[in-house]
2 protein chains.
Amino acid sequence: MLRKRLPFVAILCLVVLSGAGTEADEGMWPLYDLHKLPFDSLKVRGLMLEPEQIYSPEGGGIAFAVVSIGATGSFVSPNGLIITNHHVAFGAVQKQSTVERNYLRDGFYAASRGEEIPAIGYNVYVTLSIKDVTGRVLDVVDEGMGDLERYRAIERMSKEIIREAEEGRDVKCRLAKMLGGTQYVLYTYFKIRDVRIVYAPPRSIGEYGGDIDNWMWPRHTGDFSFLRAYVAPDGSSAEFSEDNVPYHPNVYLPISSAGVRGGDFVMMMGFPGHTDRYASSYYIDYLVNYYYPQRIRILEDRLAMLEDASAREASVSLRLASRIGSVNNRLKKSYGVREGFKRYDVLRKKRGEERLLTEFLTADPVLTREFGFVLPELERLHQEKSRTRDKDFILSWMQYSNDFLDMAVTLHKWAAEREKDDIDREPGYQDRDSISTKEWLKDAQINLVPAVDKETLKYFMWRGWELPAGQKIQALEDISAGKRGKKREKRLSEFVEKLYKQTRVGEVEWRLRMFRMTRKDLEKLNDPFIELAIALKPEIDELEERDKEFSGAQSRLAPKLIAAYAKWKQEKIYPDANGTMRFNHGSVEAFSPRDAVRYDYITGLSGVMEKETGKDPFIVPAELKWVYEQKDFGNYLDPITGEIPVNLLTTNDGTGGNSGSPVINGKGELIGLDFDGNYESVSDDYLYNPELSRSIIVDIRYVLFLIDKVYHLDGLLQELTIH
Amino acid sequence: MLRKRLPFVAILCLVVLSGAGTEADEGMWPLYDLHKLPFDSLKVRGLMLEPEQIYSPEGGGIAFAVVSIGATGSFVSPNGLIITNHHVAFGAVQKQSTVERNYLRDGFYAASRGEEIPAIGYNVYVTLSIKDVTGRVLDVVDEGMGDLERYRAIERMSKEIIREAEEGRDVKCRLAKMLGGTQYVLYTYFKIRDVRIVYAPPRSIGEYGGDIDNWMWPRHTGDFSFLRAYVAPDGSSAEFSEDNVPYHPNVYLPISSAGVRGGDFVMMMGFPGHTDRYASSYYIDYLVNYYYPQRIRILEDRLAMLEDASAREASVSLRLASRIGSVNNRLKKSYGVREGFKRYDVLRKKRGEERLLTEFLTADPVLTREFGFVLPELERLHQEKSRTRDKDFILSWMQYSNDFLDMAVTLHKWAAEREKDDIDREPGYQDRDSISTKEWLKDAQINLVPAVDKETLKYFMWRGWELPAGQKIQALEDISAGKRGKKREKRLSEFVEKLYKQTRVGEVEWRLRMFRMTRKDLEKLNDPFIELAIALKPEIDELEERDKEFSGAQSRLAPKLIAAYAKWKQEKIYPDANGTMRFNHGSVEAFSPRDAVRYDYITGLSGVMEKETGKDPFIVPAELKWVYEQKDFGNYLDPITGEIPVNLLTTNDGTGGNSGSPVINGKGELIGLDFDGNYESVSDDYLYNPELSRSIIVDIRYVLFLIDKVYHLDGLLQELTIH
């Protein structure tokens, strides 16, 4: 009954589904491709910046305020202050929380720099330069190469390019494959290793609605936090130290307190992680009929194990919070993808598209010669791959779901790889990767819960034993030694108990010592987890070889497939997301999820109150309630709704990794942070849905209202540049 | 992806939440109170009729086209054609359905009169006259009377008035108590006993969305059917006979094919069953904290029993369909009421209101003397009543949930009552009730499922045994004979098996024979169910005495309470619903259920397609799909949405019993049938919610589209008067 009756004109504005632009807002554009965008029409929609003011290869433009931090953040002060999502900073806050000093629950604020605390495990990557190196990479391949050979040639050249670029400089480089291997781009970053927490709101604000509201609209989440980047006094990248000083970015974003209205132009920049929009129907078939069903099964089982463990003890609960959140999020996304596949009939559409493409190619002998073989060969490749899919699936999920095993495999592989010349090693096992590996080995201790890890391992060993004949994992078979039923259960129990009892992989000092050891010394330890890693190694190596060969074939075929589509559709093409920075245009826009239902583009504080149940995840902090009742809203009311704005919908095309992405108005001012997509957008990773896909944004006015009126964080407020 | 992008102006129209009128649309007005309504402002809103054109005491007006038929129907042709809801005619269609000839599933259409089939158990009541008889009734009571005495005096006078009114005439009368006993009104009806089914759509249209969508918006249900009323050739009321002829009503409703728009004035007439809007907080307390929790428990248990039985066998499934639907509906409504009580804080509000009323009365010694005693005395009455509430609850639910027991108790009571003079008998057991009782005893056979009945009886016997000390039911205690645990279970099993094995209450011929017997002969049969009825009689009689005394007290206090409220609030007051005909004004209007969500006032055929899952209750018949794909929409498209309209929202104030009520535009043309309320309106029976309550209407254009374009029922279409 709190909802106000809006004036007629207001309703008008809230539901406007402006046809213009929506269809055209698909695309995650690399910065070097900005010239492909229709700037004339973007200016009509409200963009007031020139392309060079967004990104100039020479180093200018607001894009340089945007940083990678696991997901995305952006500088909002000259003193290294970064704004990102609460759920992006979540792990940092959680690692600093204890049952007694529960920053996760209560929020954290450092009123002065001295009070800022380390964001353990967090690194900030500031983009320095972006360079096309396609010529050098493709020079090393030729038509006659086999797929594995092809893969290795590209990998080796990639490593050489990176080594050259990093040599003698305080930088981190990454070579990104674009459009399936059509293009190779070198990204050079300055890596900031001393990141601190400045402010995180209470979880009941930052995660209001929790898993229930995840992927949902209407949304009412204050999903933001502030961090700060620190460097050595000489400006170089450094580990945490009292002597470090705030980093001074070249660019930072001003903030608009004026707000947005339906139809307003907005742009977004961030680091979307992964999409597969050019995937063949054979791959989609695998996803629909194999991968997602399997993934959902494993995630559901994992979630049950984690939640059981979490319910048993408060301290464990805190250590598992981040992991539970992540599994929950991946699970809900997987459900959404599954539903999206069905609802939008993705597989049928892909097949239909490929049929039409084939007809187009067949009509022209030149095109047939150039592209005709691609789809049949992709089909053959996927058939080949499906032969070992059960085994491959369990093997990789087993390793990455189990901390002890993951560390043991990694430690042993490091020892083995270190025997080679640096340039010959697997990516991720070169000297340049040593610092981040050590950080990982160290930081992992905080959330290590052996009891849960043990259960996970048992689970995967069972799953391994259940694999079909011909796909058995030898190392696991050796453990079960042909036992069945109760006897096998007993064997499993004994084996796993011994493993965890005798291993030293669970001790941080030991892990770091193991990291320095030669392979011989490491193997001499007879640590049972290292021994398990050694036993699994042949199978893991084979899996990796298969993947490499597949990847080599992909890098040969995918560019052809994409080029064929481009010829057929005559469209400008953007590369799939791959963790590199992208630009999106869009507008603030409502949508209609189904007949007779319309969602406004904005939610308000009364909606927060309306959802309150007093039970997690719908608890409203007393301070917020008080200010709401006092109506102490300052200048933060939205002029249309007459409410404190909370979240917004925009048509920007985003995916995982875009979390925390700054959403920017036509003048280049920050108006909000991307933190989610609506449920209708979940299957966008495979097929974009222009009518219904929306990004969910936390309105920067909600952020300002909270830090100003509710929590009175004057220092933080003053550091921001508010227009 | 089917949803069309609407032109801007369309969106505007769909979401208009016109402030005007909503608040004022509360009220279920008796026809004789039409003069209390603000006709001037209704005319501004679009009403074009004078009050006399709606209802004139002399017999004119469209109200006379509206008939009671369990719920509501209305005449739509001069030849007795009646339109009502599919769910109102459901029982009739179901009783005529078999596994082989499944009209329920496939729909039914009689292309000629000769093919029309009896709507077994259905009677149509046509209003003949409405007369205030308050003076005569209240003449027989005086201040000095005890509550039971008062009750009996009123009851006796009621029976006399009815006898006089019915004597020598082919009519049925009912004396309705209004405003708690402030007013008594005599309704005279012509009862039509030969009712036939003309057309029922397939269940997948008439019940599309089923229990999932029940009480929900957006809705996509084609909830309509056509029946026809027949009378003897001389125009008198008669049982089914080949010789009967269609009834010719004085008035029937023309149909508008022009449709409505948001904000349009609409009126509704029908027979709402029961509301309690003037209930005291003591009664609300009972409902919130006792009645609804108990009711929900029993309905949940019954539903489980019915669904189990239904899942076992197809033929039983068909016989139980109507009952399952009804239990489901009552259960969902009960959940809604429980939620509404909580959401709108009904008990706290009532208490607050009574506190203010008391303050108002206390301020004036005259008012205090006249009304001051009412609330304290109501409190005392409810306290008194709560002492036997567990027993009373189980006793009445046991009887009415069990067909065999209900019939046995009724048969024995008939035999007992028949020993008295007609005027001295309990209402319902007079000669005037004999025909309908016989019909009931006969028609009940069709859906009798002894196995389910048996389970129900066992359930209630257990519930009876679990009653607290001091509230035991003696007849049940005698059966258990002090046994406990397994032994009691065994005893129960034996007792019930014997009951059903030996009784003849389950045989229709025997029941009708028993109905004619004297008490002595009936008791000599030694039928075990009749014996159970005899054993329960003392307790049932006591319960009835308690209820009568309570009712007598209510008829003394309720008018005072209502008068006190009227004095305090200075408002025009309408009586609670009680199954008599009522008039409602309203308008077509959208609503917003929560922050950032807006519901349009209309749904369309694309929404039907969108909801399709291919599984019950979301199956779209092939014929409808075909026409949808062919876009063969005729003139039935809504000019705003460009779609075939399906359902509408209006602000008319309705409740159970209003199902099938004609919804009529300002010109007096039928534009739709009420068939449900939204979830937000479910607790309206106790506290009206003006902002969010909506009635859900099947748009008459959907009806016309289906019978014309989809099913080509030319005869039916031609019989209607379509403007």
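How big is the antiparallel share of DSSP beta bridges in the protein assembly as shown, given as a percent to the nearest 5? Rounded to the nearest five, the antiparallel share is 95 percent. The GluC sites (Glu not before Pro) of segment B:500-608 meeting both criteria, a DSSP state outside H, G, I, E and B (loop) and at most 15 other C-beta atoms within 10 angstrom of the site's C-beta, are B:Glu507, B:Glu571. With label points defined 7 Å past Cα in the direction of Cβ, position A:Glu313 shows copy-to-copy spacings of 5.7 nm, given to one decimal and shortest first.
A:Val133 sits among other residues whose Cβ lies under 12 Å from its own Cβ, and their net charge, with Lys and Arg +1 and Asp and Glu -1, is 0. Specify whether the C-alpha gyration tensor of segment B:24-173 places it in the rounded, prolate or oblate class, a ≥ b ≥ c being the square roots of the eigenvalues: rounded for a/c under 1.5, otherwise prolate if a/b is larger than b/c and oblate if not. In terms of gyration-tensor shape, oblate.
Could you compute the net charge surrounding B:Lys95? Neighbours are other residues with a C-beta less than 13 Å from the C-beta of B:Lys95; K and R count +1, D and E count -1. Around B:Lys95, the charge tally is +3.
When restricted to Cα atoms, segment A:267-423 yields an Rg and a Dmax of 21.1, 69 Å, respectively. Database remark: amide H of B:Phe591 closer than 5 angstrom to the amide H of B:Tyr599 (H placed geometrically; neighbours at sequence offset of 5 or more, or on other chains; Pro and chain starts carry no H).
Distances from A:Glu300 to itself in the other copies, using label points 7 Å out along the Cα-Cβ axis, amount to 2.4 nm in increasing order. Across identical copies of the chain, B:Gly614 has label-point separations of 4.7 nm, listed in ascending order, with the point defined 7 angstrom from Cα along Cα→Cβ. The value obtained for chain A, namely the Cα convex hull volume divided by the number of residues, is 171 Å³ per residue. Return the FRET efficiency for the residue pair A:Glu143, A:Gln53: r is the Cβ-Cβ distance, R0 is 41 Å, and the value is rounded to the nearest 0.05. Efficiency at R0 = 41 Å is approximately 0.40. Tell me the trypsin sites (Lys or Arg not before Pro) within segment A:394-429 that lie in a loop according to DSSP and have at most 16 other beta-carbon atoms within 10 Å. Those satisfying the criteria are A:Lys420.
Restricting the trypsin sites (Lys or Arg not before Pro) of segment A:194-248 to loop positions (DSSP other than H, G, I, E, B) with no more than 14 neighbouring Cβ atoms within 10 Å leaves nothing. An ellipsoid equivalent to segment A:367-411, defined through the eigenvalues of its Cα gyration tensor, has semi-axes of 37, 12, 6 Å when rounded to whole angstrom and sorted largest first. Over the C-alpha trace of segment B:174-317, radius of gyration and Dmax come out as 21.5, 55 angstrom.
Residue by residue along A:596-604, Cβ atoms of other protein chains within 10 Å of the local Cβ number 6 on average.
Between the alpha-carbon centres of segment B:203-234 and segment A:214-270 there is a gap of 57 Å. Taking every alpha-carbon pair in segment A:154-216 and binning the separations at 10 Å intervals from zero gives 17, 27, 16, 25, 15 percent. For segment B:591-665 and segment A:552-627, what is the separation of their Cα centres, given in Å? Using only Cα atoms, the two centres lie 30 Å from each other. By the Stokes-Einstein formula, at 1.002 mPa s and 20 °C, segment B:24-81 with its Kirkwood radius over alpha-carbon pairs has D equal to 165 µm²/s. Per the Kirkwood formula applied to alpha carbons, segment B:519-650 shows a radius of gyration over Rh ratio, Rg over Rh, of 1.25. Think of chain A as a dipole: +1 on every Lys or Arg Cβ, -1 on every Asp or Glu Cβ, centred on the Cα centre; then among A:Tyr292, A:Thr437, A:Gly604, A:Tyr292 lies furthest on the positive end. Helix content alone sets the calculated 222 nm mean residue ellipticity of the protein assembly as shown: runs of n ≥ 4 DSSP H residues at -39500 (n - 2.57) each, divided across all residues, give -14000 deg cm²/dmol. Working from label points 7 Å from Cα in the Cα-to-Cβ sense, the A:Glu571 to A:Thr437 distance is 4.2 nm.
Starting from the Cα gyration tensor of the protein assembly as shown, take the square roots of the eigenvalues, sort them a ≥ b ≥ c, and report rounded, prolate or oblate (rounded when a/c is under 1.5, otherwise prolate if a/b is larger than b/c, else oblate). In terms of gyration-tensor shape, prolate. Using the Cβ of B:Gly60 as centre and a radius below 12 Å, the other residues enclosed give a net charge of -3, where K and R count +1 and D and E count -1. Segment B:497-543 and segment A:54-114 have Cα centres spaced 80 Å apart.
Pull out a ≥ b ≥ c, the square roots of the eigenvalues of the alpha-carbon gyration tensor of segment A:141-254, then state rounded if a/c is under 1.5, prolate if not and a/b is larger than b/c, and oblate in the remaining case.
Since a/c reaches 1.5 but b/c is at least a/b, the shape of segment A:141-254 is classed as oblate.
Measuring from each Cβ of chain A to the axis carrying A onto B, the nearest residue and its distance in whole Å come out as A:Arg598, 2.
FYI, it's all coordinate maths here, none of it is from the lab. Here the structure is a predicted model, which means the values were calculated and not measured. Cβ atoms come from the backbone with ideal geometry, glycine included; neighbour counts cover every protein chain shown.
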